[in-house]
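Structure first, commentary second.
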Amino acid sequence: MTAIQKLAEPVKVHILGAGALGSLLAHDLKLNPQRSVSPTLLLRPNKSSIKDQFVRVKCFNDNNRTKDSIVEIPTGKAKDLQGKMIDNLIIATKCFQTEAALQPYIENLSSQSNILILQNGMGMPEFLMNRFWANGSNSPKFFEAITTHGVYVDENGLVNHASKGTLQVSDKNNMEIKELPEMIQAILDTPTLNAEYVNYHNFILLQMQKLVINCCINPLTAIFDVNNGNLLYGDEVVRLWKSIISECSEMFFLEYPILHDIPQSKAFLNDQRLLDIVTSVCKATSSNSSSMRQDVRNLRNTEIENLNGYVSFLGKKHNKATFTNSMITSMVKTKLSMARGIDKAAADAILSI
């Protein structure tokens, strides 16, 4: 095989998580005009909303007009990959689903594999390393990504790319661009993803900012069952936000010593600056319904343990009080359990007639 033929081969990428983000990545990578990419969606048995092998995406162009496109994406399961290696894997599941979703594919991964984690929360690479590669041998290379793209799947299975944003990618080793794996480079070369590779110092600050935004907006929209923008009408919401943010900032500096090596960290994680960011995001996404609100409405498990619950966990770890984040975590859990109880009572009442 010649070098030219080798370069022409498509980049094979497996995507774990066939929800909104995973489907959008599969769709956009398949249509990458600069690099041939062959994505495959890995489905858990009876756990996917994908009805066939086609991903349909609706997005808005610069003139605010909608454009629909459809591409065929192969799907696969663990049994299809027995004895085969996965070179490139994107994890786009919700945080609490990650361990169970990844478990069937551990034997397909090696030190030659690249894993990109694209989800809310922090600390997932460390968790997976401790869970599956505690001895440090044969572990994959981990990359992380955060995004501001607004995307959701509607009741018809259509992936709605509601608002275009950015995608930032990084890793703790701060690899040079020329050394990046083909999968990461393919993502950077996909115009619609608007992706960039950033220094890890910058990335971890952006990751913390994203966590703060999610801790402030997602659980409150779920508790009060409102769109994002409606939070701006609550007189006491800002007070809650200030308390959430203050606890987040304190925990960040206790848990991540690297922040003391980043000159701009204190200014970037300043409470007032973060409050301004949360407010601006709330305004910009005023008509959006957060994923946590949708999860509670549909009686699904939420990511609260990986958001406010993570801050509470750090508080216990460092023997510091995180009253507000602990309270918010408990309220979301209570809201979901009540909703499930009411739904079950209604179902039982119907069956008893």
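Throughout, read-outs are computed from the coordinates displayed, never taken from laboratory work. Only a predicted model underlies this, so the values are computations on that prediction, with no experimental measurement involved. Note that we place each Cβ from the backbone using ideal geometry, even for glycine, and neighbour counts take in every protein chain shown.
Overview of values
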| read-out | value |
| --- | --- |
| Reachable lysines, given that their alpha-carbon falls under 21 Å from the alpha-carbon of K84 and they are not under 8 places away in the same chain | K6, K12, K141 |
| Alpha-carbon centroids, the range 296-335 and the range 251-284: separation in whole Å | 19 |
| Kyte-Doolittle mean at least 0.5 and Cα axial length at least 24 Å: DSSP H helices in the chain | 200-224, 237-255 |
| Fewest-first ranking of W133, W241, using other Cβ atoms within 10 Å as the exposure measure | W133, W241 |
| Label-point gap, in nm, between N319 and M129 - each point 7 angstrom along Cα→Cβ | 2.7 |
| Rel. contact order, % - alpha carbon contacts under 8 angstrom, at least six apart, the chain | 14 |
| Exposure proxy order (Cβ contacts within 10 Å, fewest to most) of I262, I106 | I106, I262 |
| Members of K317/K344; K172/K210; K30/K283 lying beyond 26 Å, as alpha-carbon distances in this model show | K317/K344; K30/K283 |
| Neighbour-count order for L116, L351, L180, fewest beta carbons within 10 angstrom listed first | L351, L180, L116 |
| Förster radius 45 Å - calculated FRET efficiency between N230 and A78, Cβ distance, rounded to 0.05 | 0.60 |
